[in-house]
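Presented below is the structure to which this report refers.
Rule-based calculations on the coordinates, nothing more; no lab input. Note that the structure is predicted; figures quoted are calculated from it, not measured. As a convention, Cβ positions derive from the backbone with ideal geometry for all residues, glycine included, and neighbour counts pool all protein chains shown.
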Amino acid sequence: MIQTPDSATGTDTTDDARFRADVREWLSENLNGRFRELRGLGGPGREHEAFDERLEWDRHLAAAGWTCLGWPKRYGGRAATLRQQVIFHEEYAKANAPSRVSHVGEELCGPTLLAFGTEEQKQRFLPGIRAVTELWCQGYSEPGAGSDLAAVTTTARRDGDEWVVNGQKIWTSLAHLADWCFALCRTEPGSRRHHGLSYLLIPMKQPGIEVRPIVQLTGTAEFNEVFFDNARTAADLVVGAPGDGWRVAMGTLTFERGISTVGQQIRFARELANLEAVARDNGALENPVIADRFDQAWVGLRVLRAHALRTLASAHADVDARTAAGQASVSKLLWANWHRGLGELAMDVLGAPGLIAMPGDLNEWQRLFLFSRADTIYGGSNEVQRNIISERVLGLPREAR
Ligand SMILES: Cc1cc2nc3c(=O)[nH]c(=O)nc-3n(C[C@H](O)[C@H](O)[C@H](O)COP(=O)(O)OP(=O)(O)OC[C@H]3O[C@@H](n4cnc5c(N)ncnc54)[C@H](O)[C@@H]3O)c2cc1C
């Protein structure tokens, strides 16, 4: 049974209850007709599913004012409270509405521009993110700079009123569909580590950029190599001061573990309930070890929900940076390990038939098993999260460099 309490604490205020009813009613009226078939589609590892139709759905949401809820009204948002945003994501997930195609823009780039951008940048880019007319990708990782992001070597040099960008990014999710990239580039020649970096906004559709998709274990290609060969962007499209890109880039990462993770747990609960139904049908649930793993998975879900809500509350309260970093890392570790464990449980429930698959023709459990291996890597690997907890929160000695 999927247990989804109404609100973070179990009780909505009158205003919140009204807001919840509005969201529920709108979704039940609109997730119909041509949008009905989109239920449950998309998400990590499944971004290829009905992409054009989900883009249309995102724009439909936007036209009704259901994107970028927490943004200030003057930038097209609703100035929704934290509780309202949580409610929206809960109801959205309960309705099994499709995963959003515009999440990089809405959840990463938009909040970064609101926090660090100039008024001109906000006026130029926020409307396109809110209306889902411009899609974004995140150009951080490079072949030699992943966990160690400060090792970025992609360069940008000023040439008149433009930046000229050279180098390579990798694992860039949805770059093949994006109109814009926010990229961390080295703009001060000879600079080292987190000094001399700048956060540039770069148009993707130009001759100086080549995007090469990387096929994953699942047989689909959602992330890419991105090559910059004298690519250009305007001089004023640097967020924050030139050379101060590290601070801005870290700001974006704090938004990455945001409110949408509350909806994620409802989707996880649905996956677990569906897998339990498979285990009941094929008899796997009669195995006490499997049954025990299901029990543990249900308990794990409650634990990670509690942590996610605590992390969210902290992000909007005045907690010190050390506590916030520790909570975010614990949340990431919890959900990533939980979900990867669900993929492993799925394989054990399927038994030998689960081992039979044709490339590119996987059932949902095989896809889950293969893609969830990535959960403990993207957004900061398990090892990196443990380093953060041990060094910054527990005060253990820093690792040797
Ligand atoms: C599905 C997916 C989508 C992604 N999307 C994007 C995207 O859109 N944009 C983007 O910029 N990046 C993206 N990434 C890249 C992601 O951020 C990196 O994969 C991640 O930061 C790890 O970097 P790496 O792959 O270079 O591995 P490495 O950093 O080389 O790590 C290799 C291994 O060493 C371990 N390790 C590294 N450093 C330490 C240490 N100090 N102590 C202990 N262990 C360590 C790691 O945990 C890992 O197990 C995506 C990755 C995946 C899997």
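General remarks:
- Of Asn30, Ala97, Pro397, farthest towards positive along the dipole that unit charges on Lys, Arg, Asp, Glu beta carbons give the chain: Pro397
- Cα gyration tensor, region 223-263 - rounded (a/c under 1.5), prolate or oblate: oblate
- Between region 264-323 and region 351-401, the alpha-carbon center distance in angstrom: 16 Å
- Virtual paramagnetic centre 7 Å along Cα→Cβ of Ala115, amide N under 19 Å, in region 347-390: 379-381, 385, 388-389
- With both residues required to sit in the chain, DSSP beta bridges show an antiparallel share near 85%.
- Spin-label model, Ile377 to Arg302: label points 7 Å out along the Cα-to-beta-carbon direction sit 3.4 nm apart.
- Available extension along the chain between Ala234 and Ser191 is 13.3 nm, counting 0.36 nm per residue and deducting the alpha carbon span.
- FRET efficiency, Asn363 to Ala21 (Cβ-Cβ, R0 41 Å, nearest 0.05): 0.65
- DSSP finds beta bridges in region 160-305, and of those with both partners inside it, around 95 percent are antiparallel.
- A Förster radius of 41 Å combined with the Cβ-Cβ distance from Ala400 to Asp295 puts the calculated FRET efficiency at roughly 0.50.
- Point-charge dipole on Cβ atoms (K/R +1, D/E -1) for region 272-389, about Cα centre, debye to 20: 400 debye
- By the equivalent-ellipsoid construction on the alpha carbon gyration tensor, the chain comes out with semi-axes of 34, 25, 23 Å, ordered largest to smallest.
- Among Leu135, Gln216, Thr311 - extreme Cα towards positive end, dipole of the chain, charges at beta-carbon: Thr311
- Applying D = kT/(6 pi eta Rh) to region 204-248, where Rh is the Kirkwood radius over alpha-carbon pairs, T corresponds to 25 °C and eta to 0.890 mPa s, the Stokes-Einstein value obtained is 188 µm²/s.
- Extended-chain gain in nm, criterion 0.36 nm per residue less alpha-carbon gap, Thr323 and Thr254: 23.6 nm
- Charge dipole of region 29-141 (Cα centre as origin; +1 on each Lys and Arg Cβ, -1 on each Asp and Glu Cβ, all else neutral): 340 debye, rounded to the nearest 20.
- Relative contact order of the chain, defined on C-alpha pairs under 8 angstrom at six or more residues apart (%): 14 percent
- Nearest-0.05 FRET efficiency for Glu162 and Ile214, computed from C-beta distance (R0 25 Å): 0.30
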